[in-house]
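What follows is one structure encoded as structure tokens, with my remarks underneath.
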């Protein structure tokens with residue numbers, strides 16, 4: 001993975017779960033990681049882990065649903081970094097599974113903001129930096145609902161399924177670009193979100209977040225440069 005040395009890659013949801021493990025794996029490969037997350041304590045752990053593994057890390061506490069701050073984030077970065085080689089959308093949150101008939105409007109909107117609006121608007125805002133790179137990769141994180149219908153996931157499931165179309169649409173709008181867009185389903189992994197939504201399943205029966213990081217790094221690598229606008233499952237890439 002020497003190709004990641006000195007590459008600059010932004011990872012959202014980097015304060016825990018898959019995002020934190022992706023950041024750590026990139027750090028181990030020598031990348032410079034821009035880690036976005038809401039939990040400052042978790043971001044500090046990410047920083048220490050990335051640097052311990054030999055990478056560099058810029059941690060930015062950031063609420064992805066505060067869309068008024070996106071412009072400020074871009075202005076902060078555009079003069080500090082030459083470009084972005086990758087953008088990995090790992091941020092996610094859900095309190096519990098709820099039937100559609102009982103979900104509150106504010107909770108429905110919040111799920112759409114976190115899992116659909118935020119990754120697309122952040123991609124839009126970072127696009128000038130992605131365009132500066134010799135080649136760049138954007139990875140959206142979806143889930144099992146992209147391939148199968150499941151009840152009680154309300155706007156979370158709707159947003160995650162829509163991300164597959166979003167990646168395809170981004171790619172169709174930039175067909176000859178040096179940057180590419182794909183969606184990855186990591187499957188069930190042992191995250192805080194999993195524990196809240198699959199309480200009946202024992203955590204030991206589910207893989208740890210680090211088990212899916214090779215799939216993310218593959219999609220960020222030059223080896224995946226022919227994959228454009230695709231929806232993929234981590235088990236098929238590891």
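Brief remarks follow.
- Virtual spin-label span in nm between residue 238 and residue 2, 7 Å along Cα→Cβ: 2.7 nm
- Prolate is the label for the stretch 109-176, because the ratio a/c of its alpha-carbon gyration tensor axes (a ≥ b ≥ c) is 1.5 or higher and a/b is greater than b/c.
- Highest-fluctuation residue, 17, 71, 27 considered, GNM on the chain with Cα pairs under 10 Å: 71
- Theoretical FRET efficiency, 1/(1+(r/R0)^6), r = Cβ-Cβ of residue 225 and residue 96, R0 45 Å, to 0.05: 0.70
- Taking all Cα pairs closer than 8 Å and separated by 6 or more residues, the relative contact order of the chain comes to 19 percent.
- Residue with peak Gaussian network fluctuation, the chain [Cα springs, cutoff 10 Å], from 177, 221, 211: 177
- Highest-fluctuation residue, 52, 148, 40 considered, GNM on the chain with Cα pairs under 10 Å: 148
- Ranking of 173, 3 by count of other Cβ atoms within 10 Å, fewest first: 173, 3
- Ranking of 49, 109, 96, 180 by count of other Cβ atoms within 10 Å, fewest first: 96, 109, 49, 180
- Label-point separation in nm, residue 121 to residue 176, each point 7 Å along Cα→Cβ: 3.3 nm
- Cα shape, the stretch 1-95, gyration tensor, a/c 1.5 rule: oblate
- Two-site label geometry, residue 158 and residue 74: point separation in nm, points 7 Å out along Cα→Cβ: 2.7 nm
- Shape category assigned to the stretch 87-136 from the gyration tensor of Cα positions, a/c cut at 1.5: prolate
- Residues 57, 32, 97, sorted so that the one with the fewest Cβ neighbours within 10 Å comes first: 97, 32, 57
Each value in this text was obtained by applying a stated rule to the coordinates, not by laboratory testing. It should be emphasised that the depicted structure is a prediction, and the values quoted were computed from it without experimental measurement. All Cβ positions, even for glycine, are placed from backbone atoms using ideal geometry, and neighbour counts span all protein chains on display.
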